[in-house]
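Student: I am attaching a structure below and will ask some questions about it afterwards.
The values are calculated or read from the model by the stated rules, or taken from the named source; none is laboratory data. Because the structure is predicted, anything quoted here is derived from the model rather than measured. Glycine gets a Cβ as well: all are built from the backbone with ideal geometry, and neighbour counts include every protein chain shown. Note: accessible area is taken over every heavy atom of the protein model, side chains too, but ligands, DNA and RNA are not part of it. Shrake-Rupley method; radii C 1.70, N 1.55, O 1.52, S 1.80 Å.
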Amino acid sequence: MPSLRSLLTLSRRGVFSLPAFAAMPALADNPAAQHPDPPPPDPASFHFPRDFAFGVSSSAYQIEGAVHADGRGTSIWDEFCHDPCRTSDGKNADIADDHYHRFAEDVDLIGDTDLRHYRFSIGWPRLFPEGGGKPNPKGFAFYDRLLDKLLAKGVTPWMTLYHWDLPQALQEKGGWTNRDTAYRLADYAAAAARAYGDRVSNWLVMNETAVHAYIGHGLGYHAPGLTGVDNWFSALHHLNLGQGLAIQALRASGAKGRVGTVAACEPVIPSSPAAQDVLAAQTLDAAWNGGVLQPLFEGTYPDLIAQYTAPHVRTGDKALMAQPVDMLGINYYSRLYIEHNPARPLNLFFGPNKHPSPYYAGGWPIEPDGMYEILTSIQNRYKPREMFISENGYATGTPDASGVPLDDVSRISYITQHLHFLRKAMDAGVNMKGYFVWSLLDGFEWNDGMKWHFGLVTVDPVTLKRMPKRSYHWYGAVARAHENASIQV
Ligand code: GCO
């Protein structure tokens with residue numbers, strides 16, 4: 001039986017580092033060893049409509065640090081990272097990139113490279129240390145400063161309200177397995193609309209409710225570390241309910257512009273044609289993709305999981321979950337490969353990827369065609385008013401003695417390939433309005449600690465000095481060329 005630590009190397013997709021997949025292709029930190037990358041394309045060679053947004057994404061807990069500063073309350077991830085620390089490298093986010101104190105420099109990094117859109121999240125424990133009740137003025141003031149700096153730099157803010165950092169005080173009352181938390185989220189959303197509605201016109205209620213429910217409440221590899229089918233689907237339903245209530249609360253509190261949310265959506269593939277693997281993949285597809293999109297757009301749950309959410313659904317919930325959204329953010333990284341596993345919830349778990357995709361650090365396959373597949377599938381089924389890629393990114397491993405690979409042509413190649421398939425989806429009729437690279441900075445990567453580096457900019461772990469990579473300059477040139485392009489496409 002693998003040690004707890006080896007099992008805990010599961011990040012959202014990093015299951016391939018589990019011993020069970022030792023036969024997988026070597027997970028080279030530098031995938032160029034697997035396949036030479038082409039030279040970066042001309043940044044002006046991409047053609048997208050004038051209103052298409054090129055941006056960059058982050059989240060509060062992964063970059064801010066300052067976990068005890070200015071009255072911030074404890075979050076479930078602070079608990080997860082201490083006594084004992086349950087990250088695979090033993091690292092926590094107490095400092096992370098210290099964005100809380102260095103936000104002005106980071107906003108300058110965004111604006112100086114002509115990126116005009118920044119998706120970030122606000123920290124619920126900073127605004128309401130106990131999850132509700134007494135607000136923390138210094139917490140609200142931090143995001144005032146961040147928003148004012150963004151607007152002064154000509155960068156449009158896209159504000160995510162909940163990116164997994166639930167106040168621990170609410171967890172102690174059951175967290176997302178307690179229906180009341182859905183109503184606390186709505187109160188928090190209303191407060192954010194009142195405080196920031198004069199400067200924010202792109203609101204994103206949730207980040208990846210299905211992932212938070214499954215990995216944090218079903219598998220226990222993410223905070224709050226709960227396990228089991230009932231915790232998984234109790235959390236999923238209350239997250240969907242909270243999302244609907246928060247959308248209503250934002251609008252009722254005067255939020256202007258576009259109100260939407262962000263879902264992790266990927267094609268789910270059986271690891272083999274065996275009937276039990278096919279059923280496992282269909283079931284996870286129902287929980288991961290359908291379990292969020294169907295309640296939001298249709299007010300129902302997919303048949304394959306409805307029996308698990310039913311005990312938590314009350315009369316009227318379906319109408320509350322199904323709220324009109326102006327936009328839908330899709331986080332796409334790669335396909336998911338699932339197999340039958342009787343030792344795991346719902347007899348399913350991540351399985352080997354039998355396709356010889358090139359991989360990057362963390363075991364993630366490079367499958368840009370999967371983005372086209374999932375976007376066309378969502379467009380055809382749900383017909384969202386607008387969509388955008390809210391996260392798509394490439395990780396390298398912790399730098400070796402040679403230092404951080406700043407000449408990250410592999411990341412440029414990854415972005416290039418995905419922009420190609422994004423354009424292809426648009427040509428097929430998918431109404432895409434933007435693309436946000438995950439992430440601005442190398443930051444905290446959840447249960448993998450500080451192990452994987454997704455940033456366009458790396459951060460020295462000791463000095464916290466920001467060092468832009470080649471991809472930062474190249475992607476900024478793509479945004480600049482787009483802004484200056486004379487032709488409409
Ligand atoms: C997610 C989260 C991000 C991750 C990123 C890389 O999609 O899991 O939104 O916080 O850091 O996806 O795994």
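Student: Return a yes/no flag: does segment 444-453 have any residue that is in contact (Cβ under 8 Å) with a residue 40 or more places away in the chain, acidic (Asp, Glu) and more than 24 Å from Lys383 (Cα to Cα).
Tutor: yes
Student: Could I ask something else about it? Hey, could you check segment 326-345 for residues that are buried (at least 21 other Cβ atoms within 10 Å of the Cβ) and of a type in the set (A, V, I, L, M) and say which is farthest from Met159 (Cα to Cα)?
Tutor: Selected residue: Ile338.
Student: Take Val155 and tell me if it is among the aliphatic types (A, V, I, L, M), open to solvent by less than 20 Å² (accessible area, probe 1.4 Å) and at pLDDT 95 or above.
Tutor: Here the answer is yes, as Val155 does meet what is asked.
Student: Is it the case, given these coordinates, that Pro365 is open to solvent by less than 30 Å² (accessible area, probe 1.4 Å), more than 16 Å from the ligand (Cβ to nearest atom) and under 20 Å from the mean Cα position of the chain (by Cα)?
Tutor: no
Student: Filter segment 377-409 down to the residues that are polar (S, T, N, Q), modelled with pLDDT under 95 and either open to solvent by less than 30 Å² (accessible area, probe 1.4 Å) or on the phi > 0 side of the Ramachandran plot (or both) and list them by number.
Tutor: Thr396
Student: Now for a separate question. Can you find even one residue in segment 421-434 that is in contact (Cβ under 8 Å) with a residue 24 or more places away in the chain, open to solvent by 10 Å² or more (accessible area, probe 1.4 Å) and of a type in the set (Asp, Glu)?
Tutor: no
Student: Can you find even one residue in segment 454-468 that is open to solvent by 20 Å² or more (accessible area, probe 1.4 Å), under 22 Å from Thr416 (Cα atoms), in a loop (DSSP other than H, G, I, E, B) and of a type in the set (S, T, N, Q)?
Tutor: No, every residue in segment 454-468 fails to be open to solvent by 20 Å² or more (accessible area, probe 1.4 Å), under 22 Å from Thr416 (Cα atoms), in a loop (DSSP other than H, G, I, E, B) and of a type in the set (S, T, N, Q).
Student: Okay, moving on. Under 7 Å between Cβ atoms, which residue pairs at least 6 apart in sequence (or on different chains) link something in segment 275-291 that is closer than 16 Å to Arg344 by Cα with a partner that is open to solvent by 10 Å² or more (accessible area, probe 1.4 Å) and in a helix (DSSP H, G or I)?
Tutor: Close Cβ pairs satisfying both conditions: Ala280/Asn347; Gln282/Leu304; Thr283/Leu304; Thr283/Leu346.
Student: With respect to Gly133, determine if the residue is over 30 Å from Ala481 (Cα atoms), open to solvent by 40 Å² or more (accessible area, probe 1.4 Å) and either more than 16 Å from the ligand (Cβ to nearest atom) or under 21 Å from the mean Cα position of the chain (by Cα) (or both).
Tutor: Here the answer is yes, as Gly133 does meet what is asked.
Student: When only residues in segment 306-333 that are within 16 Å of the ligand (Cβ to nearest atom) and aliphatic (A, V, I, L, M) count, which is nearest to His217 (Cα to Cα)?
Tutor: The extreme case among them is Ile330.
Student: Among the listed residues Asp108, Asp83, which satisfies the condition of being open to solvent by 50 Å² or more (accessible area, probe 1.4 Å), away from the ligand (no atom under 16 Å from the Cβ) and not hydroxyl-bearing (Ser, Thr, Tyr)? Working first, answer last.
Tutor: Details: Asp108 fails: open to solvent by 50 Å² or more (accessible area, probe 1.4 Å).
Going through Asp108, Asp83 in turn, the sole match is Asp83.
Student: Could you list all residues from segment 113-136 that are free of Cβ contacts under 8 Å to residues at least 40 places away in the same chain and either in contact with a strand residue (DSSP E or B) (Cβ under 7 Å, 6 or more places away or on another chain) or in a helix (DSSP H, G or I) (or both)?
Tutor: none
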